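One structure below.
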Amino acid sequence: NKGDYEINYWRKFNNLHGFFEDLGCENCRFFQVTEDMLDQLFDKLKNKQLHPATGFFYGQQNEITEDEEEELFNDIKHWTLLLQTCNLYYFAWY
């Protein structure tokens, strides 16, 4: 839609998808993200509790690398700022 922008794209980031799946996100549907969700994501990442989604379509389980962790911390900060001026959605197609 006009005014909609993709701000991030990952290919098979099981750990992030598993987090949103636990919150009730369904594949192929837009899932509105709140500041509270980002706080939870930050805490899980910080405490090494962000575990991968499991199942046939998700591939092998992977631990998050230090680079991925740093990138996700930066993304969470960016998304939190974006929430002050717009709506933020997560979408997964598996």
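The values are calculated or read from the model by the stated rules, or taken from the named source; none is laboratory data. None of these values were measured; they are calculated from a predicted model. Cβ sites come from the backbone with ideal geometry, for glycine too, and all protein chains shown count toward neighbours. Keep in mind that these areas ignore ligands, DNA and RNA; they rest on the heavy atoms of the full protein, side chains included. Shrake-Rupley method; radii C 1.70, N 1.55, O 1.52, S 1.80 Å.
Taking F31, is it among the aromatic types (F, W, Y) and touching a Cys at 6+ places or on another chain (Cβ under 7 Å)?
The answer is yes for F31.
Matching residues to (1) modelled with pLDDT under 95; (2) closer than 16 Å to L23 by Cβ:
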position: H51; (1), (2): yes, yes
position: Q60; (1), (2): yes, no
position: D75; (1), (2): no, no
position: H78; (1), (2): no, no
position: L88; (1), (2): no, yes
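Just to check your reading of the model, which residue among F20, F73 is touching a Phe, Trp or Tyr at 6+ places or on another chain (Cβ under 6 Å), open to solvent by less than 50 Å² (accessible area, probe 1.4 Å) and in a helix (DSSP H, G or I)?
Values: F73 fails: touching a Phe, Trp or Tyr at 6+ places or on another chain (Cβ under 6 Å).
Criteria check complete, one pass: F20.
Pick out the one residue from K12, K48 that is open to solvent by 70 Å² or more (accessible area, probe 1.4 Å), in a loop (DSSP other than H, G, I, E, B) and under 26 Å from N87 (Cα atoms). Break it down stepwise before answering.
Values: K48 fails: under 26 Å from N87 (Cα atoms).
Selected residue: K12, the only one of K12, K48 that is open to solvent by 70 Å² or more (accessible area, probe 1.4 Å), in a loop (DSSP other than H, G, I, E, B) and under 26 Å from N87 (Cα atoms).
So Y58 fits all but one of (1) free of Cβ contacts under 8 Å to residues at least 24 places away in the same chain; (2) open to solvent by less than 40 Å² (accessible area, probe 1.4 Å); what number is the exception?
Only one criterion is unmet by Y58, namely (1).
Being in contact with a Leu (Cβ under 9 Å, 6 or more places away or on another chain) and of a type in the set (K, R) narrows it down to one of K44, K12, K48, so name that one.
Details: K12 fails: in contact with a Leu (Cβ under 9 Å, 6 or more places away or on another chain); K48 fails: in contact with a Leu (Cβ under 9 Å, 6 or more places away or on another chain).
It is K44.
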